[in-house]
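Note sheet for the following structure.
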Amino acid sequence: MTQCATHPLFLFLAVWGTATAFYLGGVRTHLFAGDVPGVTWAVFLNVTAFSLGYLTWSVLACPRTPWLEAPYPPGIPLTARRLRISLLICLASGLLAIGFCILRLAFLSQRCQFGLSYLITHPILCRQALIEVVTPDMYGIRLCFIAITLTSGILSAGFVLLGVLLYFGHGLRRYGVVVLLVLVSLSIALLSLGRQEFTINILFLVLSYLFLHHVYRRRRPWAALRPLVVPAVALAVLFVAIEVLLHKSQVFGRQGRLEGFLFSLYWYIASPMAAFAQYLHRAEHTLTLGQSLFFPIYKWLARAHLVPEVTKTVLTDWLFIPYPANVYTYLRDIHEDFGFAGLIVVPHVLGAFAAVLRRRAEEFFPYLNLYLALLILLIFSAYNYLLVSNQFYVQAVFVLLFFRFRLPGLDQLQAHDSVPSHRSYRYSQ
């Protein structure tokens, strides 16, 4: 089961199979407009290209082809002491992110001419202020947004390390570290009134843990799942808290609170594909040739006046199909850039990249970080395109520069490294 949970092809097919089934169910019940033929072709090309890319490069990257085997970059062993220091760095970054989130709310309260306490105690008004487009004259808010992105990217790297701690660690102290970082990320999510970033961090933790279990097999299958109860409970708490604060389920016109909440979850899965169908139903589209897929890079190039000014924003336009939706799956970003040809090339490249990274993630922590980020991109691919944010890029670069750890084989652990004292995290022997 853990092998399937961290297998790119299985995850991709499961995500797109579920989203397609939910969307077609909505079409059949007349919740959505009639199926657009372009959606069927887009999903078929997407799934087929990714599958062929993964399967082809899984064969090419097998041990019988040494010409594809590049040497691993130099790194240092990941010991208990280094793991502890790295987690402290990530925790400090998370605390800084909380401070910048509060500072951003203070700037927003001044701009909206409300007091900070009034803005915080009125979540719906606060949410409206948070999602406003940041204009060039909003210097303080822009700087806070950049700082939050940088610190949150480092914090997310800590959740990959938490998977290592949870799997190899012993004793209750590791749960204390997990709870501490989870509470920090939960605080950021509540201050931002959003669920996506916290969900991504929990996925980093869970996928890291399950991948290590798949590689090392040090725990019994069902016993291995018990440490994941804490992050699962925290994620459920966040979803309930956001529902209580923002009353999101009421937007969908359901009388019962529970029914509305469950329908909102269905809407998150099914509506992106329906929105993409409406996008295809519009007039002809002008290809943007990479501006959508590489939006953060394109944005910085535009600021350096190397390319024309960007026209895309992270918050796309809203549709009512019949309820509001503003996410279009990652197929829209691909189609905006390269049309239907991109729906063949881009998923194929992602599948090939997943096949290569899957093998190398077992040895080098930056590769593990990239591999898990790719898995999360695939999990969210039927909902939205995650790489419009700088945060993934920040996380990848930071880990590559400062967390260049070689993941230890169990026979290579040194006793003085794995159990230096009663204050250090111990690996199982």
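Each value in this text was obtained by applying a stated rule to the coordinates, not by laboratory testing. Everything numeric here is computed off the predicted structure, so don't read it as measured data. Glycine gets a Cβ as well: all are built from the backbone with ideal geometry, and neighbour counts include every protein chain shown.
Remark: spin-label model distance LEU13-HIS247 equals 4.5 nm, labels positioned 7 Å along the Cα→Cβ axis.
Rounded to the nearest 20 debye, the dipole size of the chain about its Cα centre is 1400 debye, using +1 on the Cβ of Lys and Arg and -1 on the Cβ of Asp and Glu.
Its relative contact order, with pairs defined as Cα atoms under 8 Å and 6+ residues apart, puts the chain at 29 percent.
The eigenvalues of the Cα gyration tensor, multiplied by 5 and square-rooted, give the range 130-288 an equivalent ellipsoid with semi-axes of 33, 22, 19 Å from largest to smallest. What FRET efficiency, computed as 1/(1 + (r/R0)^6) with R0 = 56 Å and r the Cβ-Cβ distance, is obtained for GLN196 and ARG81, rounded to the nearest 0.05? The formula returns an efficiency of 0.95 here.
Taking only the Cα atoms of the range 1-155, the ratio Rg/Rh comes out at 1.12, with Rh defined as the Kirkwood radius. Rounded to 0.05, the FRET efficiency of the ALA92 and LEU265 pair, given R0 = 41 Å and the Cβ-Cβ distance, is 0.75.
All Cα-Cα separations within the range 162-241 were binned at 10 Å from zero, giving a P(r) of 18, 51, 25, 6, each value a whole percent of the pairs.
Placing pseudo-labels 7 Å out from each Cα toward the beta carbon at CYS112 and ARG257 gives an inter-label distance of 2.4 nm.
Summed over all non-identical Cα pairs, the Kirkwood treatment of the range 116-201 gives a radius of 14.8 Å.
Put simply, the chain fits an ellipsoid with semi-axes of 34, 28, 22 Å; these come from the alpha carbon gyration tensor as the roots of five times its eigenvalues, largest first.
Kindly provide the pair-distance distribution of the range 319-375 built from C-alpha pairs, with 5 Å bins from 0 and whole-percent values in order of increasing distance. Values per bin, smallest distances first: 4, 17, 18, 14, 15, 14, 10, 5, 3, 1. On the principal axes of its alpha carbon atoms, the range 365-408 extends 35, 21, 7 Å, with the longest extent given first.
Amide hydrogen proximity for PHE364: with H placed 1.01 Å from N in the peptide plane, the residues at 5 or more positions away or on another chain lying under 5 Å are LEU407.
Rg then Dmax, both in Å and based on the Cα atoms of the range 213-263: 17.0, 49. Based on DSSP H segments of at least four residues, each scored -39500 (n - 2.57), the chain has a per-residue ellipticity at 222 nm of -22000 deg cm²/dmol. Take the Cα of ARG142, step 7 Å toward its Cβ, do the same at ARG404, and the gap between the two points is 3.4 nm. Here the peptides 109-118, 354-363, 331-340 are ranked by packing, the mean other Cβ count within 10 Å, and the order with the highest first is 331-340, 354-363, 109-118.
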